[in-house]
């Protein structure tokens with residue numbers, strides 16, 4: 001007697017997608033686990049630490065691709081785009097080099113190639129935003145390449161922190177990128193110039209804009225991103241001011257906690273809460289403006 005096993009209907013309908021997901025999982029789950037462990041335990045190199053916003057960015061992008069956009073994706077006709085094959089080949093070539101930089105870059109390249117190969121440009125347009133989130137959260141050397149150009153920002157932060165210290169009547173002075181408290185120097189180094197906080201705040205702002213459906217509202221995009229820029233800059237000035245006070249007064253434990261410990265994480269979280277509050281305030285302002293506008297129209301009609 002012959003026993004035949006039938007493939008479950010769901011698996012049969014989605015066999016191609018399941019195989020692709022399995023292929024990507026084999027290639028990238030070990031890398032993703034390495035990144036997540038490094039971000040959570042601060043054991044990854046300092047340049048890749050700049051991309052810790054992927055802790056929320058990658059899950060949100062996954063939700064958009066496999067959750068929110070899944071039904072629209074299934075309705076799209078299967079249409080191969082030759083650029084997809086090229087990107088797949090390029091991504092695999094980067095992957096097999098074994099270079100940490102190229103392997104990381106291959107991640108968004110291969111995902112983009114898969115979407116183009118399966119659904120063509122319509123598929124790419126559908127998942128363009130989650131792909132952008134993946135690209136912006138994939139570790140690369142851009143922070144390292146930017147460090148030679150952060151000197152003006154370092155001087156600005158040192159000057160503003162020095163101004164705050166003078167207002168607080170703290171014995172301090174500023175010399176370029178150095179803050180002196182009680183004649184003990186603290187350097188506003190390139191990696192202390194606030195780029196990580198800036199990257200994170202802008203990234204979270206993009207998430208908020210998409211989550212609230214405002215990503216196509218140019219005015220809201222400009223307002224929230226500008227606000228995030230100002231908030232992150234002010235937060236970093238205050239942070240460097242506190243670090244200088246702690247170091248200059250011999251409070252080394254407090255300095256370490258805020259500089260590279262759990263205090264820095266709480267401080268960054270507080271900054272993000274302020275940005276979320278700004279987005280909420282903009283929503284309330286728009287609602288109030290619409291109510292006032294409707295009332296004026298009603299009064300005019302009467």
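FYI, it's all coordinate maths here, none of it is from the lab. The shown structure was predicted, so the numbers you read here are calculated from the model rather than taken from an experiment. No Cβ is skipped: glycine too gets one built from the backbone with ideal geometry, and neighbour counts run over all protein chains shown.
Just a few scattered comments:
- Segment residue 229-residue 41, extension gain: residue separation times 0.36 nm, minus the distance between their alpha carbons: 65.0 nm
- Distance from the alpha carbon centroid of the stretch 80-125 to that of the stretch 212-246 works out to 33 angstrom.
- Against the chain, whose longest principal axis is taken from its Cα atoms, helix 100-126 shows a tilt of about 50°.
- Across the stretch 49-150, Cα pairs under 8 Å and at least six residues apart give a relative contact order of 38 percent.
- Amide N of the stretch 179-196 lying under 16 Å from the label point, which is placed 7 angstrom from the Cα of residue 238 along Cα→Cβ: 194
- Based on DSSP H segments of at least four residues, each scored -39500 (n - 2.57), the chain has a per-residue ellipticity at 222 nm of -24500 deg cm²/dmol.
- Both radii were evaluated on the Cα set of the chain; the Rg over Rh quotient, with Rh as the Kirkwood radius, amounts to 1.08.
- For peptides 206-217, 225-236, sequence by mean Cβ density within 10 Å, most packed first: 225-236, 206-217
- D (Stokes-Einstein, µm²/s), Kirkwood Cα radius, the stretch 153-208, 0.890 mPa s at 25 °C: 200
- The modelled label-to-label distance between residue 249 and residue 90, using points 7 Å beyond Cα along the C-beta direction, is 5.4 nm.
- Rounded to the nearest 0.05, the FRET efficiency derived from the C-beta distance between residue 147 and residue 97 at R0 = 30 Å is 0.75.
- The chain - percent relative contact order, Cα under 8 Å, separation 6 or more: 14
- Nitroxide proxy distance, nm - points 7 Å out along Cα→Cβ at residue 168 and residue 66: 4.6
- Theoretical FRET efficiency, 1/(1+(r/R0)^6), r = Cβ-Cβ of residue 211 and residue 24, R0 22 Å, to 0.05: 0.30
- On Cα atoms only, tilt of 262-301 relative to the major axis of the chain in degrees: 80
- Ranked by how many other beta carbons lie within 10 Å on average, peptides 243-249, 263-269 from highest: 243-249, 263-269
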